[in-house]
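Peer 1: Structure incoming, see below.
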Amino acid sequence: METKLRALPRRNVRSVPKVNSSWKKVLHNYELYLFLLPTLIYFIVFHYVPMYGVLIAFQDYMPTLGVSGSPWVGFEHFERFFNSFQFWTLLENTLELSVLQLLFGFPLPIMIALLLNQLRNQRYKKFVQTVIYAPHFISVVVLVGMVYVFFSPNGLINNFLMIFGAEPVHFMSQAGWFKPLYISSGLWQETGWAAIIYLAALAGVSPEVHEAAIMDGASKWQRILHVDIPAILPTAMILLVLSVGNLMNIGFEKAYLMQTPLNVSAGEIIPTYVYKVGLQGAQYSFAAAVGLFNAVINFILLWAVNRAAKKLSGSGLW
Amino acid sequence: MTQYVMNRSKLWSRKSKEDKIFDLINLLFLTTLSLVVLYPLYFIIIASISNPDSVYNGDVWFWPQGITFEGYERIFQDNRIWTGYKNTVLYTVVGTLVNVTLTLMAAYALSRKDLVGRNFFMILFVFTMFFSGGLIPTYLVVKNLGMVDTMWALIIPKAVAVWNLIVARTFFQSTIPDELLESAKMDGCSNTKFFLKIVLPLSKPIIAVMVLFYAVTHWNSFFDALIYLNNEDKYPLQLILRSILIQNEASASMVGDVESFAAQQRIADLIKYGVIIVAAIPLLVLYPFIQKYFVKGALIGSIKG
């Protein structure tokens, strides 16, 4: 089809109205649209209808009346949330957890990838990779279950501390331990997997560059600093944008599972609050308002970081 | 040529004293790292077959003590775990089937350059990665569709993951040459036939990646079941695990016959270790063989992502 068009004199091709040829293409490829149809319906029903449904944040939603019939209340729910005594605690917990996660979760995989890349023994490298990727596939429930059994008053950690004569610590019932445990268990689970992408970037570095550096007498350390790090910088930049842009979308399931009545003051974050108020307490409109607040902050962050990255390095997400 | 190759390998093995120290520290560091990752998993295995009193008193470190299979016996007698297992297998199989079918079909269509409006569709899909209506509006949609308390609530609302769609599309774009389509068209091959007879057989690696990614997600998911299911007979394994591991509710049938409260607690702990192993077994067994597919999938996605 295309070859035929190309064979025609140029003027003729131009004179075909564009819309018409588009329609012909659509009709010609009608099967492709049928392939796409179920997915399109899925995204509309389960992603775009809820985006419309978020209007209930500005209403007093009543299930019998639906989104179109419920009375409007403006920003009442938002005001109630901003003025509630939990607002600042929630915001602080959410931001603190995600910033801490970024602070440790961002540089560690880079470091591990750089070091793994220096291993000359390929079999040992493979072994280390296989081991450190494994926790990624453990479910949240099992991970948190492991945290509970290991950090219980007679768990592995306390038994270890007691060797040195320490008193058992009730980790899961102290608010102060919530964030350290959340962050460190997250690092244990995801650091190895997150290194994959950097390892791929490092594998793309041409060996000649390294050889030239060795010829010039560069040590391994110097090669890491001057060859490897510049090579993975663009990848790191994009991932940084993505994770800052997702700062408010913190792993809700894990925080929820790790909460106990005694540590909840440190562990309550906006998404767990939405779940409790909205689904357990059936305050749909109020919870939708809180959720929308979270989503909007997150979107603004992503947009701002992407802009900054574009200005600084010329590459962003869009 | 051989001389060149030899020089090269000599060059790479040339080591200054500084490099030797670096290598040593690096090796020590990575070995420690592997141990830190591996030990908790290893400890769960040995704790699950050790005498619960020894574990409680901190006598178990490197080898199981007073080997007993009591924990596993109690786990296998428990109906909830079997029901959960059965449900999870069902949800994983049906869910993955729906996921993979929809994702591959849509990804192929989106990979075609002659699909009018493909950028519009891509933007429509990708936008949902960055903004969503949130938990409550989504819940209300599922509820209004009458899916609450059915297995479809766990499957249909998660029918397509944008990220996997991007991965599959990138794969099709880079592996199915345009010339192939051209020549098939010359022979009067329809799009459907081309997709089924030519594209799919060439796409086995990406099918494997998709099946694995989706299957692991279904196997591990618990939150959708938590919000959409009320009937305990429909609970997937992860919800049962939650009640045993986190809410500390080893069911009465599991520890009810044990006399003292303290002994009950210890056996409940033994059950916890065993349950972690039972839940992780399918993955633990398969993991070393399928690991390369996961890595492949993660990398295909990152090209475009």
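The values are calculated or read from the model by the stated rules, or taken from the named source; none is laboratory data. Computed from a predicted structure; not experimentally measured. Methodologically, a virtual Cβ is constructed for each residue, glycine included, from the backbone with ideal geometry; neighbour enumeration extends over all protein chains shown. Just the protein is used for accessible areas: all its heavy atoms, side chains included, with ligands, DNA and RNA removed. Shrake-Rupley method; radii C 1.70, N 1.55, O 1.52, S 1.80 Å.
Peer 1: Search segment A:129-145 for residues that are more than 7 Å from chain B (Cβ to nearest Cβ) and pair each with any residue that is open to solvent by 10 Å² or more (accessible area, probe 1.4 Å) and hydrophobic (A, V, I, L, M, F, W, C) when their beta-carbon atoms are under 7 Å apart and the residues are at least 6 apart or on different chains.
Peer 2: That search, which allows pairs on different chains as well, returns A:HIS136/A:TRP193.
Peer 1: Spot the failing condition for B:PHE43; the list is (1) among the aromatic types (Phe, Trp, Tyr); (2) open to solvent by 20 Å² or more (accessible area, probe 1.4 Å); (3) at the interface with chain A (Cβ under 10 Å from one of its Cβ atoms), and only one is missed.
Peer 2: The number of the failed condition is (2).
Peer 1: Mind checking which helices (runs of 4 or more DSSP H) fall wholly inside segment B:125-236 and carry at least 2 residues that are within 11 Å of another protein chain (Cβ to nearest Cβ) and over 30 Å from B:ILE81 (Cβ atoms)? Even if it seems obvious, please write down each step before you answer.
Peer 2: Values: elements: B:135-144, B:152-155, B:162-175, B:178-186, B:204-220, B:223-228.
In segment B:125-236, the matching helices (runs of 4 or more DSSP H) lie at B:135-144, B:162-175, B:178-186.
Peer 1: Name the one entry in A:PRO180, A:PRO168 that is at pLDDT 85 or above, part of a helix (DSSP H, G or I), open to solvent by 20 Å² or more (accessible area, probe 1.4 Å) and more than 10 Å from chain B (Cβ to nearest Cβ).
Peer 2: On the way: A:PRO168 fails: part of a helix (DSSP H, G or I).
The match here is A:PRO180.
Peer 1: Still on this structure, please answer the following. Kindly provide the set of residues from segment B:238-273 that are closer than 23 Å to B:LYS86 by Cβ and facing chain A (nearest Cβ under 9 Å), ordered by number.
Peer 2: Matches in segment B:238-273: B:GLN238, B:LEU239, B:LEU241, B:ARG242, B:ILE244, B:LEU245, B:ILE246, B:LYS272, B:TYR273.
Peer 1: Right, here's the next one. Go through segment A:51-71 residue by residue and tally those that are loosely packed, with under 15 Cβ neighbours inside 10 Å and at pLDDT below 90.
Peer 2: Initial filter on segment A:51-71 (loosely packed, with under 15 Cβ neighbours inside 10 Å): A:52, A:62-66, A:68-69, A:71.
If we keep only those that are at pLDDT below 90 too, we end up with A:62-66, A:68-69, A:71.
Of the residues in that region, 8 qualify.
Peer 1: A further question on this structure: Quick one: B:PHE223 ticks every box in (1) of a type in the set (Phe, Trp, Tyr); (2) open to solvent by less than 50 Å² (accessible area, probe 1.4 Å); (3) over 16 Å from the mean Cα position of the chain (by Cα) bar one, so which box is it?
Peer 2: Condition (3) is where B:PHE223 drops out.
Peer 1: Which one of these is outside any helix (DSSP H, G or I) and either at pLDDT 85 or above or open to solvent by less than 60 Å² (accessible area, probe 1.4 Å) (or both): A:ALA200, A:ALA218, A:ALA213, A:ALA195?
Peer 2: Details: A:ALA200 fails: outside any helix (DSSP H, G or I); A:ALA213 fails: outside any helix (DSSP H, G or I); A:ALA195 fails: outside any helix (DSSP H, G or I).
None of the others qualify; the one that does is A:ALA218.
Peer 1: Name the one entry in A:LEU103, A:LEU55, A:LEU108, A:LEU95 that is within 30 Å of A:ALA195 (Cβ to Cβ) and free of Cβ contacts under 8 Å to residues at least 60 places away in the same chain.
Peer 2: Values: A:LEU55 fails: within 30 Å of A:ALA195 (Cβ to Cβ); A:LEU108 fails: free of Cβ contacts under 8 Å to residues at least 60 places away in the same chain; A:LEU95 fails: free of Cβ contacts under 8 Å to residues at least 60 places away in the same chain.
Just a single option satisfies the conditions, and that option is A:LEU103.
Peer 1: So, one more: Can you pull out every residue in segment B:10-40 that is under 19 Å from A:ALA195 (Cα atoms) and surrounded by fewer than 15 Cβ atoms within 10 Å (Cβ to Cβ)?
Peer 2: Going through segment B:10-40, the residues under 19 Å from A:ALA195 (Cα atoms) turn out to be B:26-38.
B:LEU28, B:PHE29, B:THR31, B:THR32, B:LEU35, B:VAL36, B:LEU38, listed by residue number.
Peer 1: Continuing with the same structure: Kindly indicate which of B:GLY58, B:GLY71, B:GLY66 is within 14 Å of chain A (Cβ to nearest Cβ), without any contact (Cβ under 8 Å) to a residue 24 or more places away in the chain, out of contact with any His (no Cβ under 8 Å at 6 or more places or on another chain) and farther than 30 Å from B:LEU154 by Cα. Steps first, answer last, please.
Peer 2: Numbers: B:GLY71 fails: without any contact (Cβ under 8 Å) to a residue 24 or more places away in the chain; B:GLY66 fails: within 14 Å of chain A (Cβ to nearest Cβ).
The conditions single out B:GLY58.
Peer 1: Looking only at segment A:247-272, which residues are farther than 19 Å from A:VAL141 by Cβ and either among the aliphatic types (A, V, I, L, M) or within 11 Å of another protein chain (Cβ to nearest Cβ) (or both)?
Peer 2: Scanning segment A:247-272 gives A:LEU247, A:MET248, A:ASN249, A:LEU262, A:ALA266, A:ILE270.
Peer 1: I've got another one for you. Looking at B:VAL37 and the list (1) within 21 Å of the chain's Cα centre (by Cα); (2) facing chain A (nearest Cβ under 8 Å); (3) over 25 Å from A:VAL142 (Cβ atoms), which single condition is not satisfied?
Peer 2: Answer for B:VAL37: the failing condition is (3).
Peer 1: Taking A:VAL244 as the residue in question, decide whether it is open to solvent by less than 40 Å² (accessible area, probe 1.4 Å), in a helix (DSSP H, G or I), away from chain B (no Cβ under 12 Å) and touching a His at 6+ places or on another chain (Cβ under 7 Å).
Peer 2: Details: open to solvent by less than 40 Å² (accessible area, probe 1.4 Å): yes; in a helix (DSSP H, G or I): yes; away from chain B (no Cβ under 12 Å): yes; touching a His at 6+ places or on another chain (Cβ under 7 Å): no.
The answer is no for A:VAL244.
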